[in-house]
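Derivation of every value follows stated rules applied to the coordinates shown; laboratory data play no part. This one's a predicted model, so the numbers in the text were calculated from it and none came from an experiment. Cβ: placed from backbone, ideal geometry, glycine included. Neighbour counts: every protein chain shown.
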Amino acid sequence: MQITLDLPDDVAQDLDIKLKNLPRAMLESFALEGYRSGKLTEEQIRRILGYGTRMQVHAFLKEHGAYLNYGLEDLEQDIETLRQLRDRESAQS
């Protein structure tokens with residue numbers, strides 16, 4: 001889905017001067033607020049921001065002072081990822 005924002009020209013110009021990449025900054029702000037409010041998961045943030053790994057998401061959240069919520073679902077996902085990596089490694093041997 002593509003979302004369009006209408007900003008007053010003077011506000012957009014001011015932000016464009018202050019930020020290197022206004023669209024990216026707005027997307028990151030959206031992701032951070034979504035995570036902080038519990039509406040977005042780490043996996044959703046990874047996909048929204050185009051990161052390849054969860055570690056990149058963790059670095060992004062840490063850089064912006066966002067608390068990392070690591071719960072049972074996260075642990076189960078990490079265990080499943082580890083199983084898949086082990087299976088792949090075994091198949092290559």
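In order along region 81-93, the Karplus-derived 3J(HN,Hα) couplings, from 6.51 cos²θ - 1.76 cosθ + 1.60 at θ = phi - 60°, round to 4, 4, 4, 5, 5, 5, 4, 5, 5, 5, 5, 7, 7 Hz, and Gly and Pro are given as x. In terms of packing, defined here as the mean over residues of other Cβ atoms within 10 angstrom, the peptides 14-24, 36-46 line up highest first as 36-46, 14-24. Dividing the summed -39500 (n - 2.57) terms of all DSSP H runs of n ≥ 4 by the residue count of the chain sets its mean residue ellipticity at 222 nm at -21500 deg cm²/dmol. With the charge dipole of the chain set up from +1 on Lys and Arg Cβ and -1 on Asp and Glu Cβ about the Cα centre, the Cα lying farthest toward the positive end among the listed residues 79, 48, 37 is that of 79. Cα extents for the chain along the principal axes, largest to smallest and rounded to whole angstrom: 59, 28, 25.
Partner aspartates and glutamates whose Cα lies under 15 Å from the Cα of residue 62, excluding those fewer than 8 positions away in the same chain, are identified as 28, 33, 42. Annotation for residue 14 and residue 62: the two label points, set 7 Å from Cα along the Cα-Cβ direction, are 3.5 nm apart.
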